[in-house]
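Participant: Encoded as structure tokens, here's the structure I'll be asking about.
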Amino acid sequence: MENSWLIIRPPVAAFALALASLSSWPAWGEAERATVELDSGWRFKVAQGLTGVESPTFDDSNWPKVDVPHTWNRIGVAGIARSPDTNTTQGTGWYRLRFKAPSSPPNSRSFLQFDGVGAIADVWLNGHYLGEHKGAFSRFRFDATAAIDPRGDNLLVVKADNSRPEPGSSTQDVVPLGGDFFVFGGIYRDVSLIVTRLAHVDMLDFGGPGLYARAVKIAPDSATVEVVARLTNDAAAPQAILAEAEIEDASGKPVATAPRRAIVMRAKEGLTFEAALLMAHPRLWRGQQDPYLYRVAMTLRAPGGAVLDRVVQPLGLRTIAFDPDKGFFLNGEHLLLKGVSLHQDRPGKGWAISRADQEQDFDIIGDMGANAVRLAHYQHDQVSYALADERGFAIWAEVPVVNEVSFDGSPANTALTQNARQQLTELIRQNYNHPSIVAWSIGNEVDLVAAKTGGPSKPAALLQSLNDLARREDPSRPTTLADCCEVENAPSGNNTGVPHAPRDVIVGLTDTAGYNRYFGWYYGHAQDLGSFLDRAHLRHPALPMAVSEYGAGAGLTQHSDDPLGGRINPHGRPHPEELQSYYHEQSWMQLRSRPYLWGEFIWNMFDFASTNRAEGDLTDINEKGLVSYERAVRKDAFYFYRANWNSSPTLHLTGRRYIDRAYSVIDVKAYSNATQAALQVNGRNISVTPCTDGICTWPAVSLDPGRNSVVATATIGGAQLSDSVEWTFSGSREIVRIKCGDISGYVTPDGIRYGSDLYFVGGDGLGINPPDTKQTDRRSAIAGDPGLYDTYREGAVSYRVPVPNGRYRITAHFLEPEATSGGTRVFDMRANGVTVLKDFDVFAAAGGQLKAVDRTFEARAASGMIVLEFLPRNGKAIVAALSITPL
């Protein structure tokens, strides 16, 4: 660790001389520290411009009472419409608490500890200003000794400020400046008062424990552990103490002890204690195979042996290594990190979550089969890191340098750089002892286009400073970052090829790197991910590489009959659940076959709050989670990963929330780690199908009109599993209506239902408004039903529509979206091989652009099928919708 303190090893003679001059220590039993939780009985108010609130005479009697953890914000608690309970207020919240201090000797020190306040905290005790902390995510402490009344009433006042970062605001130099998440205001983690002796392990070491340990050598028969403790003497005179360090096993039995050391601590100074402890036959921390934890303890004693202070920290013995071609190694054994990303908020609670909430999150993550977690995009509660230690998860820990480092696209200024360095130091010191942490991340998507300038952020100088700091603080772990926008051929543009001013090159600044890439969601196709990574690996052959984000949204009430039927609007609606499943199927198959990747982190494990979002079937929520915001629903894609990542038996029928089906003939899919599975519909045996890569598929399954009970069964490890869903089909098998190029379907104003695009072969599903653009909505210009004609399939297209044999009337609905004259787009249409439209020109037939035109004809279904073909003669063929009804 970076160390500016003096390392002192005083001779025994100096210790004896000091001991002779000191009075005896007062008895305080074996309670070396006294801790009082200050979580109950606070008065609270959100208000701007208040004065005198810190004064004991200020009247808060009409303020509501709250307990902490607490936030005043309420976000993401409803569906498409915002809830009346939504509170996005950013500004100042005031907290006032009256409390009594614990009984303690006169020669003690009192420290106030805050585990998290969003985002700037100013603190007063009994009218005395203790200080300010800038940063929403890390623990901080203030020495309250001079201000506290050890026998009477005390008044603690906290001003919490989560003002929106912008030029001139109080948070203009506090990271993060941006990000796709909301910074909740309030005292959202625990508060406590800690009373120590005058000589103690340092309480003001950037909120850290003051005790740090790591294994510097591990062999089968022994291990050497380096222990560093920062000690403080707050007395006005020198103090003689005895210092000892030891390692205990999980049962508390000492397994290694450094010789007790006599130390003279000079008045009002600190020193660093160092020791190397030798352990015999170490038991390794082996991730989920065996997450064994020792404990390292630092004890300070008075010369007579009475305990003055004792600090205990977790210790896991393991080695980590990252290879640019072979990936991640734990204790010399290759381990693919199958990870998820995690935000810390909950509906109705925001960031004011409990230990039980965090335990539930790790329970769900573990059940899916993940072995790694990216705690994004900031320092999380200590409980989360401890749970990762105990359960064997590998952790990507991150500082909140997110999206941009200035408002005008310039490099970070001095004040913001200092704040980022402070928060990184806090992150590392407070979490140094967690064996689960395998990398320190110094930023996320900081090469993104700056919102206010349109040009790229300039983060390189700041990132270099943070990288150097992290390496000094902890040379045992590599640094990393999450990149959004590195381009392949030039230092300009972004991953969509849009040109911008030259951007800083940041991939390669850190020891390892992660790519945030969303092929098939924001840009490109899902199948593009693997080839992109291969090219990146060639560009950086010596750089260990991970995928730090990949994901897609899923609205639980929005569904598609074929996720490839149309384009998605990633920043809009709808977001069918089936598309998320397809996206992850395609992405994981590419990721798992690239051994040079040291880890893959899904974005995101759970839906989370973001006031930037009005997408899918939600508002103020990013719904890329594999599990719903309130943790009640595990989306289909969750079970895809469970079937591939968890060896426990899995069988899950997909599409269970798509209850009212648009079509009578559908493909049925299940996720399972069985070798094969059987399907029944209404007691009727369909077939037994093989399951490959966790996917079992039954094509062209016929549903009965009305209710359908669908049951899948499989045998895994000698145990029988089953899963069932209930679907309804309220239509007629003889009537099929398809909205071409549409991913979710449509119901006309008079109640006629068109299903989403299905049964097609070839072509592209498009719309008159390209997805994810801010151009003028063209639908209002359509001469006809805008909802029916605003999407289309174009190209060389055919439809193979399953219907009972017989005669049918077929209506094809057309619209010309682009051509401005006749002859630009000409094609033929065939029904079962018979030409029904010859040299058809939509523009000419409709009389112009964006005008609807229909053509109706008859055809006979044979072998349970009608085949419709659209054959280009000039340009691309096109069709907006199809209606097939019996004669």
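The values are calculated or read from the model by the stated rules, or taken from the named source; none is laboratory data. As the structure is a computational prediction, the values presented were derived from the model and not from experiment. When we count neighbours, we look across all protein chains shown, and the Cβ atoms used for this are built from the backbone with ideal geometry, even at glycine. What goes into the accessible areas is simple: the full protein's heavy atoms, side chains included, and nothing from ligands, DNA or RNA. Shrake-Rupley method; radii C 1.70, N 1.55, O 1.52, S 1.80 Å.
Participant: Within a Cβ distance under 15 Å of PRO56, other residues only, what is the Lys/Arg minus Asp/Glu net charge? Mind showing how you got there, number by number?
Facilitator: Values: positive: ARG43, ARG96, ARG98, LYS100; negative: GLU54, ASP59, ASP60, ASP149, ASP153.
Once positives and negatives cancel, what remains is -1.
Participant: Continuing with the same structure: Candidates [x] 111, 63, 52; [y] 107, 74, 64; [z] 106, 72, 57; which is the computed Cα extents along the principal axes in Å?
Facilitator: The value matching this structure is [x].
Participant: Evaluated at 25 °C with a viscosity of 0.890 mPa s, what Stokes-Einstein diffusion coefficient in µm²/s does region 331-450 have when Rh comes from the Kirkwood expression over alpha-carbon pairs?
Facilitator: 157 µm²/s
Participant: Once you place label points 7 Å from the Cα toward the Cβ at ASN413 and LEU871, how far apart are they in nm?
Facilitator: Simple spin-label model gives 6.9 nm for this pair.
Participant: Under a Cβ-only charge scheme (Lys and Arg +1, Asp and Glu -1), can you give me the dipole magnitude of the chain about the Cα centre, in debye to the nearest 20? Write down the numbers at each step before the final one.
Facilitator: Values: 86 positive and 100 negative charges, 105 e Å.
The calculated dipole for the chain is roughly 500 debye.
Participant: What are the GluC sites (Glu not before Pro) within region 567-670 that DSSP puts in a loop, where the Cβ has at most 11 other Cβ atoms within 10 Å? Walk me through the intermediate numbers first.
Facilitator: Values: sites: GLU577, GLU578, GLU585, GLU600, GLU615, GLU623, GLU630; in loops: GLU623, GLU630.
Answer by residue number: there is no such site.
Participant: Could you tell me which of THR71, PHE99, PRO84 has its Cα farthest along the dipole of region 63-163 towards the positive end, charges placed at Cβ (Lys, Arg +1; Asp, Glu -1), taken about the Cα centre?
Facilitator: Value computed over the given set: PHE99.
Participant: Counting only other residues whose beta carbon sits under 10 Å from that of VAL438, what net charge do I get with K and R as +1, D and E as -1?
Facilitator: Details: positive: ARG318, ARG477; negative: none.
Counting the neighbours of VAL438, the net charge comes to +2.
Participant: By how many degrees, between 0 and 90 and to the nearest 10, does the Cα long axis of helix 382-391 differ from the longest principal axis of the chain?
Facilitator: That works out to roughly 80 degrees.
Participant: On a 0 to 90° scale, report how tilted helix 355-368 is relative to the longest principal axis of the chain, with both axes built from alpha carbons and the result rounded to the nearest 10.
Facilitator: 50 degrees
Participant: Let me ask another. Leaving ligands, DNA and RNA out of it, report the carbon-plus-sulfur percent of the accessible area of the chain at a 1.4 Å probe. Write down the numbers at each step before the final one.
Facilitator: Numbers: 16440 of 32660 Å².
Exposed carbon and sulfur together represent 50 percent of the surface.
Participant: Give the residues of region 819-862 whose amide nitrogen is closer than 18 Å to a point set 7 Å from the Cα of ALA796 in the direction of its Cβ.
Facilitator: Only 825-835, 839-840 fall inside the zone, counting backbone N under 18 Å.
Participant: Still on this structure, I have one more. Return the FRET efficiency for the residue pair TYR523, PHE329: r is the Cβ-Cβ distance, R0 is 30 Å, and the value is rounded to the nearest 0.05.
Facilitator: Computed FRET efficiency for TYR523 and PHE329 comes out at 0.35.
Participant: Taking the Cα atoms only, what angle lies between the long axis of helix 577-591 and the longest principal axis of the chain, rounded to 10 degrees?
Facilitator: For helix 577-591, the angle is close to 70 degrees.
Participant: Could you work out [θ]222 nm for the chain from helices alone, using -39500 (n - 2.57) per DSSP H run of at least four and dividing by all its residues? Round to the nearest 500 deg cm²/dmol. Mind showing how you got there, number by number?
Facilitator: Values: 10 runs with 111 residues, N = 887.
When only DSSP H runs of four or more count, the value is -4000 deg cm²/dmol.
Participant: Looking at region 240-296, which chymotrypsin sites (Phe, Trp or Tyr not before Pro) are in a loop (DSSP not H, G, I, E or B) and have at most 13 other Cβ atoms within 10 Å?
Facilitator: Working: sites: PHE273, TRP285, TYR292, TYR294; in loops: TYR292.
Listed in order of number, the matching sites amount to none.
Participant: Structure shown: which of LYS65/LYS159; LYS838/LYS876; LYS851/LYS876; LYS338/LYS458; LYS338/LYS624; LYS45/LYS134 lie over 23 Å apart, alpha-carbon to alpha-carbon? Present the calculation step by step, with values, prior to reporting the outcome.
Facilitator: Numbers: LYS65/LYS159 16 Å; LYS838/LYS876 14 Å; LYS851/LYS876 18 Å; LYS338/LYS458 31 Å; LYS338/LYS624 17 Å; LYS45/LYS134 20 Å.
Violating the 23 Å Cα-Cα cut-off are LYS338/LYS458.
Participant: Taking a temperature of 37 °C and a viscosity of 0.692 mPa s, what whole-number D in µm²/s does Stokes-Einstein yield for region 107-176 with Rh from Kirkwood over alpha carbon pairs? If you can, show how the numbers build up before the last one.
Facilitator: Numbers: Rh = 13.1 Å.
Diffusion coefficient, whole number: 251 µm²/s.
Participant: Kindly provide the pair-distance distribution of region 126-254 built from C-alpha pairs, with 10 Å bins from 0 and whole-percent values in order of increasing distance.
Facilitator: The calculated distribution, bin by bin, is 8, 26, 27, 23, 13, 2.
Participant: Taking each pair of distinct Cα atoms in region 760-887 once, what is the resulting Kirkwood hydrodynamic radius in Å? Please list the in-between numbers first.
Facilitator: Working: mean 1/r = 0.0666 Å⁻¹.
One over the average 1/r among Cα pairs gives 15.0 Å for region 760-887.
Participant: May I ask you to list the residues of region 807-849 whose amide nitrogen lies under 11 Å from a point 7 Å from Cα along the Cα→beta-carbon direction of ASP764?
Facilitator: Nothing falls inside the zone, counting backbone N under 11 Å.
Participant: With the other protein chains left in place, how much accessible area per residue, in square angstrom, belongs to the chain at a 1.4 angstrom probe? Spell out each step's value before the answer.
Facilitator: On the way: 32660 Å² over 887 residues.
Ligands and nucleic acids excluded, the result is 37 Å² per residue.
Participant: Let me ask something else about it. Given a cut-off of under 8 Å on Cα pairs at least six residues apart, what relative contact order in percent is computed for the chain? Please list the in-between numbers first.
Facilitator: Details: 2386 pairs, mean separation 74.0, N = 887.
In percent, rounded to a whole number, it is 8.
Participant: Please say if region 554-689 is rounded, prolate or oblate, where rounded means a/c under 1.5 for a ≥ b ≥ c the square roots of the C-alpha gyration tensor eigenvalues, and otherwise the choice is prolate for a/b larger than b/c and oblate otherwise? Before the final figure, lay out the partial values.
Facilitator: On the way: a/c = 1.83, a/b = 1.19, b/c = 1.53.
Note, shape of region 554-689 comes out oblate.
Participant: With viscosity set to 1.567 mPa s and temperature to 4 °C, compute the Stokes-Einstein D of region 617-723, Rh being the Kirkwood radius across alpha carbon pairs; µm²/s, no decimals.
Facilitator: Once the numbers are plugged in, D ends up at 87 µm²/s.
Participant: Here's a follow-up. Set the Förster radius R0 to 41 Å, insert the Cβ-Cβ distance between GLN464 and ALA236 as r into 1/(1 + (r/R0)^6), and round the FRET efficiency to 0.05.
Facilitator: Values: r = 43 Å, r/R0 = 1.04.
The computed FRET efficiency comes out at 0.45.
Participant: Let me ask another. At what distance in nm do the modelled label points of SER61 and ALA719 sit from each other, each positioned 7 Å from its Cα along Cα→Cβ?
Facilitator: Between SER61 and ALA719, the label points sit 6.3 nm apart.
Participant: Another question, if that's okay. Give the calculated FRET efficiency between GLU726 and ALA862 to the nearest 0.05, with a Förster radius of 22 Å applied to their Cβ-Cβ distance. Could you put the intermediate results ahead of the total?
Facilitator: Details: r = 33 Å, r/R0 = 1.50.
In this case the efficiency is close to 0.10.
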